[in-house]
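The values are calculated or read from the model by the stated rules, or taken from the named source; none is laboratory data. Predicted model, so just to flag it, every value in this text is computed and none were measured. Glycine also receives a Cβ, built like all others from the backbone with ideal geometry; neighbour counts cover every protein chain displayed.
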Amino acid sequence: MSKDNLNNLLSSLEKSLATLDDSSSDKGKQYGVIEAYKDGVITIKGLSGLKMGDVVQVQNTSIQALVMNLESDASFALVLENSTEVKEGLMVEALNRQLSIGVSDDIIGRVVDPLGNPTDGLGEIKEDKRMPHEKIAPGVMTRKSVHEPVQTGISSIDALIPVGRGQRELIIGDRQTGKTTVALDTIIAQKGQDMICVYVAIGQRESKVARVHNFLKENGAMDYTVIVNAPASGAAALQFLAPYAGCAISEYFLEKGKDVLVVYDDLSKHAVSYREMSLLLRRPPGREAYPGDVFYVHSRLLERAVKLNEANGGGSITALPIIETLAGDVSAYIPTNVISITDGQIFLDSKLFNKGIRPAIDVGISVSRVGGSAQTKVMKKVAGTVKLELAQYYELEAFSQFASELDDATKAQLTRGVRIVEVLKQKNGEPRTLWQQIAALYAVTNGYFDAKEPKTVVDEVTTLFTKLESGNKDLIESIEKEKNLTDDIKAGLEKAVKKILA
Ligand code: ATP
Ligand code: MG
């Protein structure tokens, strides 16, 4: 549209606005005009009161746009839908509010897009409260230190890299190393643990998300889980908004004093969508062509993970962001950013994965900086020696081929290490309960697998679980109830494990 045309349009607009009847429903509304529409970005003229992050709506449609750039004579907004209805010359209305998502308890079990619209064909979701996508994280005085565990059901995590409620633990690794699986197994392990889960799929193929949905449904996890999906085929702006939407949904339940687990799968794709958006908005690119504030984009999201104190309801949001690396390079821009924002990292290694050690967690470099204080007493006592024994094993592993020349102590360390690695192997979709983890770790650290062939250990562990379940109900109950290694429980474990394995 030429400048003259636009000026004519603007002046006629002003005239018609001035003559508007006071009783008109348009009273008090503010309008601007779309001067240009290109690559999903609209240039708005005539709305001087807009703020960053405001929402505008294209007139006579339900299409919304998010204001992302403000200049002296125009504002730039990202259209939140791929639509052919948006055209130059149309009017836009300032809604005078920031972006928010309508949430109620009914959202549990549903799949929604980042604006809260259901995409699973199961009908409308009732709205109880609107939660803002962007919100300042809770301050220090409302928080409490992390002190309760998230039982992930994955032994190598619960024993060695424990995660606490309210913690931010990064899952990082190359493609196809089981990152999503670790997060999904953690979700299905939350059954009966009084936890609401939110899985945010960012820039994934629809078929993959459908598989995740089915997997969670089959394992009964959709009873307490919400999926937020911003597929690769959708607008970059929606992919950018997805984790904030997931966080807003989590905060709805946090306000009710609930514990929430939120998975962002994954923030690498999120950074890419933000880069795409920023380039469309002509912001200057920085390192690796990402905009300079991509660190802030992730830090303000992850700061919203929290453990609140009792005065503020006592709820928590535990965040499990996922990052994909290229050829194990954790020193690239986005990985180092997110590593520095989180309270610990679970490193998944493609070499371990290909060797069949799954989950392929590299326990040597994985850490959890706050979760240790949240570990159950029984786990702390039983798993105490595991990390050291594993570390010693990995150090000696290189010598194992000269086994005949080694002294007995070294041989014993190697024997034990091999079996610990076997006990920590777990199939996907089979998270362990607390008593199962305790029984398996107790057996291996007390040498009950030392005499078994390494290849048979995985089956022996399964046998151990089945036999304990059928013959030692009381012991199982007291482990789950006490969560401590009392003398009685220790004696009970010793007796039962000896009977089954010795
Ligand atoms: P992507 O980079 O594509 O997102 P990812 O790192 O999220 O991949 P997953 O999709 O979780 O990896 O897993 C990759 C494959 O490995 C899947 O086929 C999955 O079934 C298999 N897998 C993952 N963990 C295990 C496991 N513990 N035991 C057996 N198979 C597993
Ligand atoms: Mg994945």
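Brief remarks on what is shown
- Among the residues of this structure, residue 153 counts as one that is outside any helix (DSSP H, G or I), in contact (Cβ under 8 Å) with a residue 12 or more places away in the chain and closer than 17 Å to residue 441 by Cβ.
- Candidates 182, 260, 200, 212: the one that is away from ligand 1 (no atom under 16 Å from the Cβ) and of a type outside the set (Phe, Trp, Tyr) is 260.
- Residue count for region 479-502, restricted to those that are assigned to a helix (DSSP H, G or I) and either surrounded by 17 or more Cβ atoms within 10 Å (Cβ to Cβ) or among the basic types (Lys, Arg) (or both): 13
- The residues listed here are 136, 125; of these, the one that is away from ligand 1 (no atom under 15 Å from the Cβ), in a loop (DSSP other than H, G, I, E, B), modelled with pLDDT of 95 or more and touching an Asp or Glu at 6+ places or on another chain (Cβ under 8 Å) is 125.
- Some residue of region 453-473 being of a type in the set (D, E, K, R), more than 31 Å from the chain's Cα centre (by Cα) and assigned to a loop (DSSP other than H, G, I, E, B): yes
- Qualifying residue in region 180-193 (condition: in contact (Cβ under 8 Å) with a residue 24 or more places away in the chain, buried (at least 18 other Cβ atoms within 10 Å of the Cβ), of a type outside the set (D, E, K, R) and assigned to a strand (DSSP E or B)): no
- Test set (1) farther than 22 Å from residue 197 by Cα; (2) surrounded by 15 or more Cβ atoms within 10 Å (Cβ to Cβ) - residue 282 fails condition number: (2)
- Condition check for residue 187: within 16 Å of ligand 2 (Cβ to nearest atom), within 24 Å of residue 266 (Cβ to Cβ), aliphatic (A, V, I, L, M) and modelled with pLDDT of 95 or more: yes
- Subset of region 75-111 that is free of Cβ contacts under 8 Å to residues at least 24 places away in the same chain and either under 25 Å from residue 276 (Cα atoms) or surrounded by 21 or more Cβ atoms within 10 Å (Cβ to Cβ) (or both) - its residue that is nearest to the chain's Cα centre (by Cα): 83
- Restricting region 413-455 to residues that are farther than 30 Å from residue 219 by Cα and charged (D, E, K, R), the residue that is surrounded by the fewest Cβ atoms within 10 Å (Cβ to Cβ): 453
- The single condition from (1) within 19 Å of residue 120 (Cα to Cα); (2) more than 16 Å from ligand 1 (Cβ to nearest atom); (3) surrounded by 24 or more Cβ atoms within 10 Å (Cβ to Cβ) that residue 224 fails is (3).
- Condition check for residue 226: of a type in the set (Val, Ile, Thr) and more than 14 Å from ligand 2 (Cβ to nearest atom): yes
- Qualifying residue in region 23-32 (condition: part of a strand (DSSP E or B), modelled with pLDDT of 90 or more and under 21 Å from residue 238 (Cα atoms)): no
- Within region 315-363, restricting attention to residues that are over 28 Å from residue 143 (Cβ atoms) and of a type in the set (Asp, Glu), the residue that is surrounded by the most Cβ atoms within 10 Å (Cβ to Cβ) is 349.
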